[in-house]
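Novice: Please see the structure below; I have some questions.
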Amino acid sequence: MTDVPLTPRRPLLARFLESRNGLGLLFMLPAAVFLLCFLTYPLGLGVWLGFTDTRIGRTGEFIGLENYIWLFDDPIFWLSVYNTILYTVVASVLKFGLGLWLALILNEHLPFKTFFRAIILLPWVVPTVLSALAFWWIYDSQFSIISWVLMQWGLIDTPINFLGQPNHARASVIAANVWRGIPFVAISLLAGLQTIPQSLNEAAALDGATSWQRFTKVTLPLLTPIIAVVMTFSVLFTFTDFQLIYVLTRGGPVNATHLMATLSFQRAIPGGQLGEGAAIAVAMIPFLLAAILFSFFGLQRRRWQQGND
Amino acid sequence: MAKKNLSPTAGTRDDTEGMDQFNTVTRRILVVYLPLAVFIFVLLFPFYWMAITAIKPDHQLTNYDRYSPFWVVEPTLDHIRYLLFETSYPGWLWNTMLVAFASTFLSLFASVLAAYAIERIRFTGARTTGLLIFLAYLVPPSILFIPLAFIVFQVGIFDSRLALILTYPTFLIPFCTWLLMGYFRTIPFELEESALVDGASRFQILTKVILPLAVPGLISAGIFAFTLSWNEFIYALTFISSSENKTVPVGVLTELVRGDIYEWGALMSGALLGSLPVVILYSFFVDYYVSSMTGAVKE
């Protein structure tokens, strides 16, 4: 093994960079640097900040679980947890139901199908903050167009106070979130629907299956894997939503619409308590993991049970 | 009780629907076209309202009794002129464009290399890396913005466009890499093998063989990344404080909303103008956009 090589050995570095792993490392380098510096490190730093009393302009000291103990006794924090769960569950269910409905409609033979598909996706494309501004104007307490139309029809006497009353505000922000989320769910599920072979439905129809049976016994099971992924994403985006609330209510009235993300922002940036804000953000992680695991594995299991993987 | 009432009607409805060829026109209108029309009306109305408010003169804006709110009598460009010449709006547009272009370019560069390495060089642990990249996509910005603000401040790029250009790739790279991995998988191995036999290096293969074939995938990823960074809000809100560095979403919300009197005309023109670039871009590349959105989901 110690024979003199026929060609002179090239430097170690050059040989390493030509090996599979060396080349892989070299190619991964830019992405890895970015993600390590601005994703992994901040994630760890966020957890660390949650254990400190850092404020803006002052490095903090380790104070153990004090932030969490403080939050545990903070009714506003628990209100925001409740709001976040309510917001996520109601909005996700509505987005799923309406999105699936819209996807089924678009899966029919329609004229101008691609055109419809294109305009339906608009709410998803337009910056959330800017469409939320339009909703802010639509929800105006005096000049809301919805109130005006309802008053013209004689259904109500005074304008609805959309964002000023806790439950109205909750319903209004959920409606705006659903409006923005339907296109994503509908178009993704439509893509899934189009992968289902028409012959399966025809075979079921020949065997005498009603359209409801065909939907529940053929279409839905085949669509389950895609539903799982789409809804995982949808739940994730809804749970961590910030923009819509920040534009429409800033958490008001009297914290009735504060989500964990907006509360974390409010405590950390305008309030200056970086440590406490980070603790609230960290408190979101278990919920997120639970939501991901639930929707992903819960729905994925059905796929391998049916044995088509 | 309600259940009992429902079941017979459900039974009859099922019977007729089982035979598509007897689907009457009325039924089709009720089941397909009417709901579709309602959906489209609801989904598009906010944009119509935004657009019509942007060109309404102030005195018509809230005077619903004299002027129909759904129409505009003497459209005016006053709000848009005010926006373009008396506020920092053009600067915000420029900032947004610059940040979106730069971060998209950076992300595409890093993602192409990473996706190629994971998918084709197949180094030890490539599969795990691919999975980690996917998990990185699931990390939401609302968890990261506080520590990132801390880092941005310590590095000394707080309140600069560079802060946004460097942080946006955190959510763009995972997405683009994941998308491009799926795309590279569809390019046949044989092309690469024959290039290797001809003595091409890995980098040459990537630039001369793979990338030309992956142009549609690059466009999809690029368009999507561009719109994502155009729409980004929480980082821009946290890291930028001076007016001349703001992006459109942040600028419109923090500088055009003043006091209790809302200038709806100016606000809505700001929202309209800020949406137009992405909408125009989107309208040219609808199919790419849809394929990148559904592609990320289908993998």
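Novice: Sorted by packing (mean other beta-carbon atoms within 10 Å per residue), highest first, where do A:85-94, B:96-105 land? Before the final figure, lay out each step's value.
Specialist: Working: A:85-94: 18.7, B:96-105: 20.5.
Top of the packing list down: B:96-105, A:85-94.
Novice: Take the Cα pairs of the stretch B:28-116, get the Kirkwood Rh, then feed it into Stokes-Einstein at 37 °C and 0.692 mPa s and tell me D in µm²/s. Present the calculation step by step, with values, prior to reporting the outcome.
Specialist: Details: Rh = 17.4 Å.
Result for D is 189 µm²/s.
Novice: If you roll a 1.4 Å probe over the heavy atoms of the protein chains, what accessible area per residue do you get for the protein assembly as shown, in Å²? All intermediate terms of the calculation are to be shown ahead of the outcome.
Specialist: Details: 28950 Å² over 608 residues.
Computed with neighbouring chains in place, this is 48 Å² per residue.
Novice: Right, another one. Can you flag which of B:Lys56/B:Lys246; A:Lys95/A:Lys217; B:Lys208/B:Lys246 are past 30 Å Cα-Cα? Numbers along the way, then the final one.
Specialist: Working: B:Lys56/B:Lys246 27 Å; A:Lys95/A:Lys217 22 Å; B:Lys208/B:Lys246 39 Å.
Listed pairs above 30 Å: B:Lys208/B:Lys246.
Novice: Given the rule -39500 (n - 2.57) for each run of at least 4 DSSP H residues, summed and divided by the residues of chain B, what is its mean residue ellipticity at 222 nm, to the nearest 500 deg cm²/dmol?
Specialist: Numbers: 16 runs with 207 residues, N = 299.
Counting only the DSSP helices, I get -22000 deg cm²/dmol.
Novice: Can you compute the modelled spin-label distance between A:Ile146 and A:His168, with each label point 7 Å from Cα toward Cβ, in nm?
Specialist: 1.0
Novice: Under 1.5 on a/c is rounded, so check that first for chain A, then, if it is not, pick prolate when a/b is larger than b/c and oblate when it is not; a ≥ b ≥ c are the square roots of the alpha carbon gyration tensor eigenvalues. List each step's numbers first, then the result.
Specialist: Working: a/c = 2.21, a/b = 1.14, b/c = 1.93.
It is oblate, given that a/c is not under 1.5 and a/b is not larger than b/c.
Novice: Of all the accessible heavy-atom surface of the stretch B:83-298, with the other protein chains kept in place and a 1.4 Å probe, what percent is carbon and sulfur?
Specialist: 69
Novice: Still on this model: Roughly how many percent of the accessible protein surface of the stretch B:17-76 is carbon and sulfur, given a 1.4 Å probe and a whole-percent answer?
Specialist: Numbers: 2430 of 3540 Å².
Looking at the stretch B:17-76 in its full context, I get 69 percent from C and S.
Novice: Continuing with this model, one more query. Which value at 222 nm does chain A reach when only helices count, each DSSP H run of 4 or more adding -39,500 (n - 2.57), with the total divided by all residues and rounded to the nearest 500 deg cm²/dmol? The partial results should precede the final answer.
Specialist: On the way: 16 runs with 212 residues, N = 309.
One gets -22000 deg cm²/dmol as the mean residue ellipticity at 222 nm.
Novice: In vacuo Debye scattering of chain B, one point per C-alpha: log10 I(q)/I(0) at q = 0.11, 0.16 Å⁻¹?
Specialist: -0.88, -1.22
Novice: So which residues of the stretch B:173-221 lose at least 30 Å² of accessible area, probe 1.4 Å, when you go from the chain by itself to every protein chain present?
Specialist: The answer is B:Ile173, B:Arg202.
Novice: First compute the accessible area of chain A with a 1.4 Å probe, then give the percent of it belonging to carbon and sulfur atoms. Let's see the in-between values first.
Specialist: On the way: 10150 of 15130 Å².
Of the solvent-accessible surface of chain A, carbon and sulfur hold 67 percent.
Novice: Return a whole-number percent for the relative contact order of chain B, with Cα pairs under 8 Å and 6 or more residues apart as the contact set. Please report the intermediate quantities before stating the final value.
Specialist: Values: 276 pairs, mean separation 80.1, N = 299.
That works out to 27 percent.
Novice: Any idea what log10 I(q)/I(0) is at q = 0.06, 0.11 Å⁻¹ for the protein assembly as shown, Debye with uniform C-alpha scatterers and no solvent?
Specialist: -0.37, -1.18
Novice: Now for a separate question. Applying a 10 Å radius around every beta-carbon, put A:122-128, A:155-161 in order of their mean neighbour count, most first. Don't jump to the answer; show the numbers that get you there.
Specialist: Values: A:122-128: 22.4, A:155-161: 12.0.
The peptides rank, most packed first, as A:122-128, A:155-161.
Novice: Additional query: Which listed residue (B:Gly130, B:Val72, B:Leu281) has the Cα farthest towards the positive end of the charge dipole for chain B, taking +1 on Lys and Arg C-beta and -1 on Asp and Glu C-beta about the Cα centre?
Specialist: The one lying farthest along the dipole's positive direction is B:Gly130.
Novice: Next question, about the same structure. What total accessible surface area, summed over both chains, is buried at the interface between chains B and A, computed with a 1.4 Å probe and given in Å² to the nearest 100?
Specialist: On the way: alone 18090 and 19410 Å², together 28950 Å².
Counting both chains, the buried surface is close to 8600 Å².
Novice: Shielding of A:249-262 by partners, i.e. mean partner chain Cβ atoms within 10 Å per residue? List each step's numbers first, then the result.
Specialist: Values: counts 0, 0, 0, 0, 0, 0, 0, 0, 0, 0, 1, 2, 6, 2.
Taking the mean over all residues of the peptide, I get 1.
Novice: Still on this model: Hey, can you list the residues from the stretch B:232-269 whose accessible area shrinks by 50 Å² or more with all protein chains present, relative to the chain by itself (probe 1.4 Å, no ligands or nucleic acids)?
Specialist: When all protein chains are present, B:Phe233, B:Leu237, B:Leu253, B:Trp264 each give up 50 Å² or more of accessible surface.
Novice: Full-extension gain between B:Val25 and B:Thr62, please, as 0.36 nm times their residue separation minus the C-alpha to C-alpha distance. Walk me through the numbers on the way to the answer.
Specialist: On the way: separation 37, 0.36 × 37 = 13.32 nm, distance 4.22 nm.
Contour length minus the Cα-Cα distance gives 9.1 nm.
Novice: Which longest uninterrupted range of chain B lacks any trypsin sites (Lys or Arg not before Pro) assigned by DSSP to a loop state (not H, G, I, E or B) and surrounded by at most 10 other Cβ atoms within 10 Å? Don't jump to the answer; show the numbers that get you there.
Specialist: Numbers: sites that count: B:Arg66, B:Arg258.
The longest such stretch corresponds to B:67-257.
Novice: Let me ask something additional. Relative contact order for chain A: what is it in percent, counting Cα pairs under 8 Å that are at least 6 residues apart?
Specialist: 26
Novice: Moving on. Given the stretch B:204-299, what whole percent of its Cα pairs are spread farther than 18 Å?
Specialist: Details: 2767 of 4560 pairs.
Here the tail beyond 18 Å accounts for 61 percent of pairs.
The values are calculated or read from the model by the stated rules, or taken from the named source; none is laboratory data. It should be emphasised that the depicted structure is a prediction, and the values quoted were computed from it without experimental measurement. In this analysis, Cβ positions are derived from the backbone assuming ideal geometry, glycine residues included, and neighbour counts consider all displayed protein chains. Surface accessibility is based on the protein's heavy atoms, side chains included, excluding ligands, DNA and RNA. Shrake-Rupley method; radii C 1.70, N 1.55, O 1.52, S 1.80 Å.
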